[in-house]
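The values are calculated or read from the model by the stated rules, or taken from the named source; none is laboratory data. Please read these numbers as outputs of a predicted model, since none were measured by experiment. Quick reminder, even Gly has a Cβ in these numbers, built from the backbone with ideal geometry, and neighbours come from all protein chains shown.
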Amino acid sequence: MRKLNVAFRVDASAIIGTGHVMRCLTLANQLRRDNVAVTFFCRQLSGDLTDLIAGQGFPVCRLPAPAANSERNIWRWYLENWQADARETLALLKKNNLRPDVMVVDHYGLDKKWESLLRERAESIMVIDDLANRRHQCDLLLDQNDYCEQEKRYDGLIPVSCKTLLGPDYSLLRDEFIHTSRRQRDGTIKRVLVSFGGADPQNETLKVLKVLARFKALRVDVVVGGSHPYKEVIRRFYARHPRFYVHVQTSDMAHLINSADLAIGAGGTSLWEGALWACRRSSSRSRAIKSRWPRPQHCAGLLFIWEKAAMSRRHDWRARSAGCWPIR
């Protein structure tokens with residue numbers, strides 16, 4: 001029987017962040033366990049995660065880097081060069097003799113036009129999105145976030161025949177979050193986790209650390225990605241505070257979240273990872289693509305604080321969630 005073949009088109013950088021690649025790796029690892037062949041297609045950028053992907057045993061086809069001055073406005077570069085991106089991706093598919101059964105696209109810079117060109121080599125296309133701000137030519141769309149009237153968000157943006165997986169029931173959660181037992185909390189805050197994503201271009205991390213430094217009794221775990229542009233500044237800051245511990249590109253995020261009494265960070269997948277253990281009940285039957293998710297009224301124990309910019313871009317769902325997940 002022929003092995004199924006799935007290709008991922010996803011990028012990471014100091015500007016883009018690392019979350020797209022990390023959630024694709026979650027799905028890719030599950031697919032590999034199901035005997036599916038997986039290949040990644042990533043553009044070479046400052047702070048990309050191609051070495052991390054290859055280190056997990058996945059083939060990586062690297063698209064050429066744009067001009068150095070283009071990375072500062074990478075979203076405009078994608079807008080102006082989507083055809084070149086599609087041609088380069090198709091050329092790499094042909095070079096590697098690949099005709100994916102599914103092309104997974106997790107990329108804010110690509111849309112219906114790019115996806116339509118990739119139909120030349122891809123049997124079907126899956127899109128992972130959060131923004132609902134552009135049209136797609138896809139057969140399956142995943143948006144794991146929680147919005148008001150979420151079933152209508154993609155009306156007019158996807159084909160009528162497209163199947164949708166919407167809401168946190170479909171959160172892409174790594175195995176360690178599914179199979180580790182939740183630590184019981186009594187409401188006392190002794191240990192704080194700070195994580196603003198893999199890139200954090202505004203250095204929200206350091207702003208929070210300066211505030212937490214006033215609380216002498218707290219242990220603070222700080223997580224930054226390998227592409228974090230200010231990680232050396234953060235290292236110098238934490239060196240003056242013996243209760244601060246910095247973890248760069250950690251593979252132990254599950255333990256750190258489970259050990260925390262309070263987590264401060266940006267929204268995104270980490271919100272759902274933390275909420276899973278902040279819930280009185282959770283499912284042991286969860287898998288990478290679907291989990292039985294407790295509704296917010298059952299949640300307590302962790303409060304996430306996120307960037308205002310993220311909230312303004314992605315409506316008010318995180319603000320509504322904050323009221324559901326108080327510290328106790």
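Would you call Asp130 in contact with a Lys or Arg (Cβ under 7 Å, 6 or more places away or on another chain), part of a loop (DSSP other than H, G, I, E, B) and not aliphatic (A, V, I, L, M)? If you could, list the steps in order and put the result at the bottom.
On the way: in contact with a Lys or Arg (Cβ under 7 Å, 6 or more places away or on another chain): yes; part of a loop (DSSP other than H, G, I, E, B): yes; not aliphatic (A, V, I, L, M): yes.
Yes: the conditions hold for Asp130.
Can you tell me which residue among Val194, Val222, Val208 is modelled with pLDDT of 90 or more, closer than 25 Å to Gln144 by Cα and either loosely packed, with under 15 Cβ neighbours inside 10 Å or among the β-branched types (Val, Ile, Thr) (or both)? Break it down into steps so the answer makes sense when it comes.
Values: Val222 fails: closer than 25 Å to Gln144 by Cα; Val208 fails: closer than 25 Å to Gln144 by Cα.
Only one candidate passes the filter, namely Val194.
Please find, among Ser46, Ser13, the residue that is small (Gly, Ala, Ser), under 20 Å from Gly197 (Cα atoms), assigned by TED's automatic domain parsing to the domain that holds Arg121 and touching a strand residue (DSSP E or B) at 6+ places or on another chain (Cβ under 7 Å).
Working: Ser13 fails: touching a strand residue (DSSP E or B) at 6+ places or on another chain (Cβ under 7 Å).
Checking each option against the conditions leaves just Ser46.
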In this structure, does Leu140 turn out to be of a type in the set (A, V, I, L, M) and not assigned by TED's automatic domain parsing to the domain that holds Ser13? no
Cβ-Cβ distance below 6 Å, separation of 6 or more or different chains: which pairs start in region 171-182 with a residue that is crowded, with 18+ Cβ neighbours inside 10 Å and end on one that is at pLDDT 80 or above? Ser171/Gln144; Leu172/Arg23; Leu172/Thr26; Leu172/Leu27; Arg174/Thr26; Phe177/Ala254
Selected residue (criterion: surrounded by the most Cβ atoms within 10 Å (Cβ to Cβ)) from residues of region 27-60 that are in contact (Cβ under 8 Å) with a residue 24 or more places away in the chain, in contact with a Cys (Cβ under 8 Å, 6 or more places away or on another chain) and more than 19 Å from Val127 (Cα to Cα): Leu49
Scanning region 186-202 residue by residue, those touching a residue at least 24 places away in the same chain (Cβ under 8 Å), in a loop (DSSP other than H, G, I, E, B) and charged (D, E, K, R) turn out to be Lys190, Asp200
Kindly indicate the residue of region 109-143 that is touching a His at 6+ places or on another chain (Cβ under 8 Å) and either in contact (Cβ under 8 Å) with a residue 60 or more places away in the chain or among the charged types (D, E, K, R) (or both) and also surrounded by the fewest Cβ atoms within 10 Å (Cβ to Cβ) among those meeting that condition. Lys112
Selection status of Val160, out of contact with any Leu (no Cβ under 7 Å at 6 or more places or on another chain), β-branched (Val, Ile, Thr) and modelled with pLDDT of 95 or more: yes
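Return the residue satisfying two criteria in turn: it lies in region 133-178 and is charged (D, E, K, R) and not in a loop (DSSP other than H, G, I, E, B), and of such residues it is nearest to Leu110 (Cα to Cα).
So in region 133-178, the residues charged (D, E, K, R) come out as 134-135, 139, 143, 146, 149, 151-153, 155, 163, 169, 174-176.
Next cut, not in a loop (DSSP other than H, G, I, E, B) only: 143, 151-152, 163, 169, 175-176.
On the way: Asp143: 16, Glu151: 22, Lys152: 21, Lys163: 19, Asp169: 25, Asp175: 29, Glu176: 31 Å.
Checked region 133-178; the qualifying residue nearest to Leu110 (Cα to Cα) is Asp143.
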Do any residues in region 3-22 that are without any contact (Cβ under 8 Å) to a residue 24 or more places away in the chain have Cβ atoms under 8 Å from those of residues that are buried (at least 24 other Cβ atoms within 10 Å of the Cβ), where the two are at least six apart or on different chains, and which pairs are they? none
Can you find even one residue in region 238-249 that is among the β-branched types (Val, Ile, Thr), at pLDDT 90 or above, under 15 Å from Leu262 (Cβ atoms) and surrounded by 19 or more Cβ atoms within 10 Å (Cβ to Cβ)? no
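With region 1-112 as the region, which strands (runs of 3 or more DSSP E) entirely inside it contain at least 1 residues that are at pLDDT below 95?
Details: elements: 5-10, 37-43, 60-63, 102-106.
Hits in region 1-112: none.
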May I ask you to list the residues in region 172-209 that are over 20 Å from Asp261 (Cβ atoms) and over 20 Å from the mean Cα position of the chain (by Cα)? Leu206, Lys207
Test set (1) surrounded by fewer than 16 Cβ atoms within 10 Å (Cβ to Cβ); (2) farther than 24 Å from Asp139 by Cα; (3) not small (Gly, Ala, Ser) - Asp200 fails condition number: (1)
